[in-house]
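These notes concern the structure reproduced below.
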Amino acid sequence: MKLKTSLLAAVLILSSSMTFAASKAWMQEAVNKQYDEAVQLRRDIHQHAELGNQEFRTQKVVVDFLTKQGIDVVTGWKNAPTAVIGIINPDKKNTIALRTELDALPIKENTGLPFASTMTGKYLGKNGPVSHMCGHDVHMAMLMSAAKILQQNKDKFDNRVVLIFQPAEEGDSLHDPFDRNAPLSGANALVNDGLIEQYDIKHVFGIHVMARQPAGKMLIAKGAALNSADGFHIHVDGKQSHGAMPWAGTDATLAAANIVVGLQQIVSRNADLSEGMGVITVGKFNAGETANVMSGTADMIGTVRSNHNEVRDTLIKRIPEVAKGVAEAAGAKAETQIAKIYPVTVNNPELVDKMVPVLKQNGVDAKISTWNPGASEDFSFYAAKVPSMFMFLGADYPGAKDVQNNHSDKFVVDETTMRTGIMAHLVAATAKY
């Protein structure tokens, strides 16, 4: 009986995925026709990179483009003022969302591309170079192109499509993440503004180009796709003393150094690693002013990553406890600030099982994969609200060597991969759910 039931279930799953979206030859023809404009859009956006929550020109470019296509546009979101939301088939009821990001990074571009960014902007109070070294320019060009095609063919599918052009995926560029008054990341802001409920969005789809994967190849995880990201700042107070008389004070440097060691023991002794991985890294450590003075204070900041939300919670809970206990054992005091940034990005397994065959049917070279690049994404806030799917799209040129990762000053993208990304957006938007 179990065998028969399982066989029947398998047949039903297969048949549902086979009828999930009919073959749409018009989509491939439209992608080929749109490709040249996609390249132009990408290069213009690339040259005019802007930081999180300062994407004013980028917002105008998107608004003007969508408006020109006859797409309904909504701006003026309370917590995401530079966001752009487009609506295709506004009178339809079954709503699918496609998402991209608007913001760039505070990095000086050294790609040597003829359309390289020379933009500058203010990041945490300081002026500096700005560039699209994560690929958000590519993402925007793909979604704008898909939007144009969908609007031109809106009578060929039954879904309402919400186009999400969100700011600040990399975080707000004007405020320290430990600032309690700092604006939310773009996805978190729009979720808090009620975007999902306002349009009754059923699923959200996102794409990210990734280095070290061949252009045109798409990898999709079932379950955890990207790690959580959180930050911590630990301040240690001791008592300053002459370096020759340490007994006359309390060595904040030593206490802080022991805290660094203690933090690593959280991962190995407190986290349930059978559930998932966890990483605690101290990236910056400051203590002391001169060689013969024992420091009375020390500071450290670091990052916490995990691919499992319960492991994440354990790490975040234990960091201040360990810091306090280790400091007190040395006669010092420790104060910890935690900045909870992004939860784990989790792809809905049932949605992945249904979508991957449909993508393949429509010519997308997609496969289910366990590859996790270790990064983090605020797409996680959408995925925590409704069943969603985040797709990795290869960025590497054929035969490329010495490939530079996303966020490198030399990160480049083979623009032909946009054909696959545009097609994936079209498939997701027009499928029958």
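Test residue 138 against the stated conditions and say whether it is more than 25 Å from residue 423 (Cβ to Cβ), buried (at least 24 other Cβ atoms within 10 Å of the Cβ) and touching a residue at least 40 places away in the same chain (Cβ under 8 Å).
When the stated conditions are applied, residue 138 does not pass them.
Go through (1) surrounded by fewer than 15 Cβ atoms within 10 Å (Cβ to Cβ); (2) without any contact (Cβ under 8 Å) to a residue 24 or more places away in the chain and name the single condition residue 293 misses.
Just one mismatch for residue 293, condition (2).
I'd like the residue in region 108-117 that is of a type outside the set (A, V, I, L, M, F, W, C) and touching a strand residue (DSSP E or B) at 6+ places or on another chain (Cβ under 8 Å) and, out of all such residues, is surrounded by the fewest Cβ atoms within 10 Å (Cβ to Cβ).
108
Each row is one residue, and each column tells you yes or no for (1) surrounded by 22 or more Cβ atoms within 10 Å (Cβ to Cβ); (2) not acidic (Asp, Glu).
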{"residue": "134", "(1), (2)": "yes, yes"}
{"residue": "147", "(1), (2)": "yes, yes"}
{"residue": "151", "(1), (2)": "no, yes"}
{"residue": "154", "(1), (2)": "no, yes"}
{"residue": "165", "(1), (2)": "yes, yes"}
{"residue": "169", "(1), (2)": "yes, no"}
{"residue": "177", "(1), (2)": "no, yes"}
{"residue": "188", "(1), (2)": "yes, yes"}
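Can you find, within region 294-316, the residue that is farthest from the chain's Cα centre (by Cα) among those that are part of a helix (DSSP H, G or I) and more than 16 Å from residue 259 (Cβ to Cβ)?
Looking at residues that are part of a helix (DSSP H, G or I) and more than 16 Å from residue 259 (Cβ to Cβ), I get 314.
If you check 219, 184, which single one turns out to be surrounded by fewer than 22 Cβ atoms within 10 Å (Cβ to Cβ), hydrophobic (A, V, I, L, M, F, W, C), in the same structural domain as residue 74 (by TED's automatic domain parsing) and assigned to a strand (DSSP E or B)?
Answer to the selection: 219.
Could you check how many residues of region 62-88 are within 26 Å of residue 153 (Cα to Cα) and crowded, with 20+ Cβ neighbours inside 10 Å?
9
So is residue 335 over 30 Å from residue 421 (Cα atoms) and touching a Pro at 6+ places or on another chain (Cβ under 9 Å) or not?
Taking the combined requirement at face value, the residue satisfies it.
Kindly establish whether residue 422 is surrounded by fewer than 24 Cβ atoms within 10 Å (Cβ to Cβ) and touching a helix residue (DSSP H, G or I) at 6+ places or on another chain (Cβ under 7 Å).
Answer is no for this residue.
Just name the residue that is surrounded by the fewest Cβ atoms within 10 Å (Cβ to Cβ) out of those in region 344-376 that are in a helix (DSSP H, G or I) and not aliphatic (A, V, I, L, M).
Result: 350.
Given the criteria assigned by TED's automatic domain parsing to the domain that holds residue 211 and not in a helix (DSSP H, G or I), does residue 331 qualify?
Taking the combined requirement at face value, the residue does not satisfy it.
Within region 187-205, how many residues turn out to be outside any helix (DSSP H, G or I) and within 14 Å of the chain's Cα centre (by Cα)?
The total comes to 2.
Is it the case that residue 163 is at pLDDT 95 or above and assigned to a strand (DSSP E or B)?
yes
The values are calculated or read from the model by the stated rules, or taken from the named source; none is laboratory data. The shown structure was predicted, so the numbers you read here are calculated from the model rather than taken from an experiment. Heads up, the Cβs are rebuilt from the backbone with ideal geometry, glycines too, and the neighbour counts pull from every protein chain shown.
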